[in-house]
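Novice: A single structure is presented below for examination.
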Amino acid sequence: EQLARLAKEAEISGQSAGAAEATLARLAQESKANLERAGVAEATLARLADESLRTLASLARLAQEADTNGQRAGAAEEQLARLAEEAEISGQRAGAAEEQLARL
(Lines give C-alpha, C1' and ligand atoms only; values in the text may rest on other atoms or scores of the structure.)
Protein backbone atom coordinates (compact mmCIF):
# COMPACT_ATOMS: atom_id res chain seq x y z
CA GLU A 1 0.00 0.00 0.00
CA GLN A 2 2.81 2.34 0.86
CA LEU A 3 4.53 1.46 -2.43
CA ALA A 4 1.36 2.23 -4.32
CA ARG A 5 1.08 5.59 -2.54
CA LEU A 6 4.75 6.38 -3.25
CA ALA A 7 4.31 5.38 -6.89
CA LYS A 8 1.27 7.67 -7.15
CA GLU A 9 3.22 10.57 -5.58
CA ALA A 10 6.13 9.92 -7.95
CA GLU A 11 3.72 9.98 -10.90
CA ILE A 12 2.18 13.26 -9.69
CA SER A 13 5.67 14.72 -9.13
CA GLY A 14 6.68 13.63 -12.64
CA GLN A 15 3.57 15.25 -14.08
CA SER A 16 4.29 18.43 -12.11
CA ALA A 17 7.90 18.42 -13.32
CA GLY A 18 6.70 17.95 -16.92
CA ALA A 19 4.27 20.85 -16.55
CA ALA A 20 7.00 23.02 -15.04
CA GLU A 21 9.34 22.10 -17.89
CA ALA A 22 6.68 23.00 -20.45
CA THR A 23 6.08 26.31 -18.65
CA LEU A 24 9.82 27.07 -18.63
CA ALA A 25 10.06 26.26 -22.35
CA ARG A 26 7.11 28.55 -23.09
CA LEU A 27 8.63 31.34 -20.97
CA ALA A 28 11.98 30.93 -22.71
CA GLN A 29 10.25 31.19 -26.10
CA GLU A 30 8.35 34.31 -24.97
CA SER A 31 11.59 35.84 -23.67
CA LYS A 32 13.26 35.20 -27.01
CA ALA A 33 10.34 36.79 -28.85
CA ASN A 34 10.41 39.78 -26.48
CA LEU A 35 14.14 40.24 -27.05
CA GLU A 36 13.59 40.15 -30.82
CA ARG A 37 10.81 42.75 -30.53
CA ALA A 38 13.05 44.88 -28.31
CA GLY A 39 15.78 44.71 -30.96
CA VAL A 40 13.34 45.82 -33.65
CA ALA A 41 12.07 48.62 -31.41
CA GLU A 42 15.64 49.74 -30.67
CA ALA A 43 16.47 49.84 -34.39
CA THR A 44 13.28 51.79 -35.07
CA LEU A 45 14.10 54.29 -32.32
CA ALA A 46 17.61 54.74 -33.68
CA ARG A 47 16.23 55.36 -37.17
CA LEU A 48 13.68 57.85 -35.83
CA ALA A 49 16.39 59.63 -33.84
CA ASP A 50 18.51 59.94 -37.00
CA GLU A 51 15.53 61.28 -38.94
CA SER A 52 14.81 63.77 -36.16
CA LEU A 53 18.40 65.01 -36.24
CA ARG A 54 18.25 65.44 -40.00
CA THR A 55 14.93 67.29 -39.68
CA LEU A 56 16.37 69.58 -37.01
CA ALA A 57 19.40 70.31 -39.19
CA SER A 58 17.08 71.13 -42.11
CA LEU A 59 15.01 73.43 -39.90
CA ALA A 60 18.14 75.20 -38.67
CA ARG A 61 19.30 75.68 -42.27
CA LEU A 62 15.87 77.01 -43.30
CA ALA A 63 15.84 79.39 -40.32
CA GLN A 64 19.28 80.67 -41.34
CA GLU A 65 18.11 81.12 -44.94
CA ALA A 66 14.99 82.95 -43.73
CA ASP A 67 17.15 85.23 -41.58
CA THR A 68 19.46 85.92 -44.53
CA ASN A 69 16.47 86.59 -46.80
CA GLY A 70 15.02 88.92 -44.20
CA GLN A 71 18.30 90.84 -44.03
CA ARG A 72 18.42 91.05 -47.82
CA ALA A 73 14.81 92.25 -47.93
CA GLY A 74 15.62 94.91 -45.31
CA ALA A 75 18.63 96.08 -47.32
CA ALA A 76 16.56 96.16 -50.52
CA GLU A 77 13.86 98.15 -48.74
CA GLU A 78 16.44 100.68 -47.56
CA GLN A 79 17.86 100.92 -51.06
CA LEU A 80 14.39 101.49 -52.53
CA ALA A 81 13.74 104.23 -49.99
CA ARG A 82 17.05 105.89 -50.93
CA LEU A 83 16.24 105.62 -54.63
CA ALA A 84 12.78 107.09 -54.06
CA GLU A 85 14.34 109.96 -52.13
CA GLU A 86 16.91 110.51 -54.89
CA ALA A 87 14.12 110.40 -57.50
CA GLU A 88 12.17 113.01 -55.54
CA ILE A 89 15.26 115.23 -55.30
CA SER A 90 15.93 114.75 -59.01
CA GLY A 91 12.30 115.66 -59.74
CA GLN A 92 12.61 118.80 -57.66
CA ARG A 93 15.83 119.73 -59.46
CA ALA A 94 14.21 119.07 -62.81
CA GLY A 95 11.29 121.28 -61.79
CA ALA A 96 13.67 124.02 -60.72
CA ALA A 97 15.61 123.69 -63.96
CA GLU A 98 12.34 123.87 -65.91
CA GLU A 99 11.37 127.04 -64.09
CA GLN A 100 14.81 128.49 -64.74
CA LEU A 101 14.54 127.62 -68.42
CA ALA A 102 11.10 129.19 -68.54
CA ARG A 103 12.49 132.35 -67.01
CA LEU A 104 15.29 132.42 -69.53
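Novice: Sort through 29, 79, 100 and tell me the only one that's in a helix (DSSP H, G or I), exposed (fewer than 10 other Cβ atoms within 10 Å of the Cβ) and polar (S, T, N, Q).
Specialist: 100
Conditions (1) under 32 Å from the mean Cα position of the chain (by Cα); (2) open to solvent by less than 60 Å² (accessible area, probe 1.4 Å); (3) free of Cβ contacts under 8 Å to residues at least 24 places away in the same chain, marked per residue:
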{"site": "15", "(1), (2), (3)": "no, no, yes"}
{"site": "36", "(1), (2), (3)": "yes, no, yes"}
{"site": "55", "(1), (2), (3)": "yes, no, yes"}
{"site": "70", "(1), (2), (3)": "yes, yes, yes"}
{"site": "75", "(1), (2), (3)": "no, yes, yes"}
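The values are calculated or read from the model by the stated rules, or taken from the named source; none is laboratory data. Quick caveat: nothing in here was measured; it's all calculated off a predicted structure. Don't worry about glycine lacking a Cβ; one is built from the backbone with ideal geometry, like all the others, and counts go over all protein chains shown. Side chains are part of the model used for accessible areas, which takes the heavy atoms of the whole protein and leaves out ligands, DNA and RNA. Shrake-Rupley method; radii C 1.70, N 1.55, O 1.52, S 1.80 Å.
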